[in-house]
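Please treat every number below as a calculation from the coordinates, not as lab data. Source: prediction; values computed, not measured. In this analysis, Cβ positions are derived from the backbone assuming ideal geometry, glycine residues included, and neighbour counts consider all displayed protein chains.
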Amino acid sequence: MFPTGLQLLSTEYRHKEIINGKPVLYTVRRSPRAQNVRLEIKRQTGLVVIVPHSFKNERLPEVLKNNAEWILLKLAKYESVPPRLISGT
């Protein structure tokens, strides 16, 4: 798959953007394997934007704006549902 000794390193950093008047925290993850921009929203990690290493940061607001409705809908879904409790029994 990859030559011995070659490591795939992804880098992550946090950002804050105002989307339709609402502040949204998100993580940008640069991935050497990514070929396109991908958005993930999970309860544990919130919004994660996975981008190729060559992706220009100046385009991030455009990506978020183009997906604003979906992002806010999914984030609201996770905020409205309480986390599951794990039983110790």
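List of remarks:
- Distance between the modelled labels on LYS56 and ASN36, one decimal in nanometres: 2.1 nm (7 Å Cα→Cβ projection).
- Approximating the spin labels as points 7 Å out from Cα along Cα→Cβ, the VAL63-to-VAL48 distance works out to 1.3 nm.
- Check: the range 11-80 dipole with +1 on Lys, Arg Cβ and -1 on Asp, Glu Cβ, in debye: 180
- For LYS56, the lysines whose Cα falls under 27 Å of its own Cα, not counting residues fewer than eight places away in the same chain, are LYS16, LYS22, LYS42, LYS65, LYS74.
- Couplings 3J(HN,Hα) for the range 65-78, derived from phi with the Karplus relation 6.51 cos²θ - 1.76 cosθ + 1.60 (θ = phi - 60°), are 5, 5, 10, 4, 4, 5, 4, 5, 4, 5, 5, 5, 4, 6 Hz, where x marks Gly and Pro.
- Theoretical gain in end-to-end length, LEU25 to GLU12 [0.36 nm per residue, Cα-Cα removed]: 3.4 nm
- Share antiparallel - DSSP beta bridges, the range 11-80, percent rounded to 5: 70
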